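Before any comments, here is the structure.
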Amino acid sequence: MKIARNPQNIHPPVAPYVHQIEVTGPQRWLTLSGQIGIIADGSIPEDAIAQLKIALENIKRNLDSADMEVQDITKLVFYLVGDMDAIQRKEIISDFLEEHLPCTTLMYVVALATPALKVEIDAWACKEL
């Protein structure tokens, strides 16, 4: 069972996420390597927003291959390089998550594995058996 909580003794979330998710009982865990904004043909768009969309689509494809859904995501960590419109970023992430609220972390970093990459997202998912 997954129980999402925002404890009353700390500040409310400052974006669409929850502070904690407790997992109990029998379940399957899926841990993804950082998903990046590379299209299946190997091309990388220059635009950071396009890379964000592709990285999220890659997460969805990984979930599909493991018989999981977006609602099974327990944690996302976003690594972003350079400027990205915050309103667009939030809308894209909200659209991807629908009503689901996992735990999240967002960091701006100096660089990723190759200079063309502007987005990388780590993901963890858990599905009850």
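The values are calculated or read from the model by the stated rules, or taken from the named source; none is laboratory data. The structure presented is a predicted model; accordingly, all values stated were derived computationally and were not measured. With ideal geometry, Cβ positions are generated from the backbone for all residues, glycine too; neighbour counts draw on all protein chains shown.
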| request: Kindly list, by first and then second residue, each pair from a residue in segment 73-101 that is small (Gly, Ala, Ser) to a residue that is at pLDDT 95 or above, limited to pairs with Cβ atoms under 9 Å and residues at least 6 apart or on different chains. | output: Gly82/Ala48; Gly82/Tyr108; Gly82/Lys118
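One line per residue, one yes/no per condition, for (1) surrounded by fewer than 16 Cβ atoms within 10 Å (Cβ to Cβ); (2) at pLDDT below 95; (3) within 19 Å of Val23 (Cβ to Cβ):
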{"site": "Ile49", "(1), (2), (3)": "no, no, no"}
{"site": "Glu57", "(1), (2), (3)": "yes, no, no"}
{"site": "Ser65", "(1), (2), (3)": "yes, no, no"}
{"site": "Thr74", "(1), (2), (3)": "no, no, yes"}
{"site": "Phe78", "(1), (2), (3)": "no, no, no"}
{"site": "Val81", "(1), (2), (3)": "no, no, no"}
| note | Reported set for segment 19-43 where residues are in a loop (DSSP other than H, G, I, E, B), surrounded by fewer than 17 Cβ atoms within 10 Å (Cβ to Cβ) and not small (Gly, Ala, Ser) is His19, Thr24, Pro26, Ile39, Asp41
| field | Selection from segment 88-114 of residues that are assigned to a loop (DSSP other than H, G, I, E, B), more than 17 Å from Ala48 (Cβ to Cβ), out of contact with any helix residue (DSSP H, G or I) (no Cβ under 8 Å at 6 or more places or on another chain) and not hydrophobic (A, V, I, L, M, F, W, C) | value | Glu99, Pro102
| query | In segment 115-129, which residues are over 21 Å from Ile21 (Cα atoms) and either part of a strand (DSSP E or B) or touching a residue at least 24 places away in the same chain (Cβ under 8 Å) (or both)? | reply | Ala116, Leu117, Lys118, Val119, Glu120
| request: Scan Ile54, Ile93 and give me the residue that is under 10 Å from the mean Cα position of the chain (by Cα) and within 26 Å of Trp29 (Cβ to Cβ). | output: Ile93
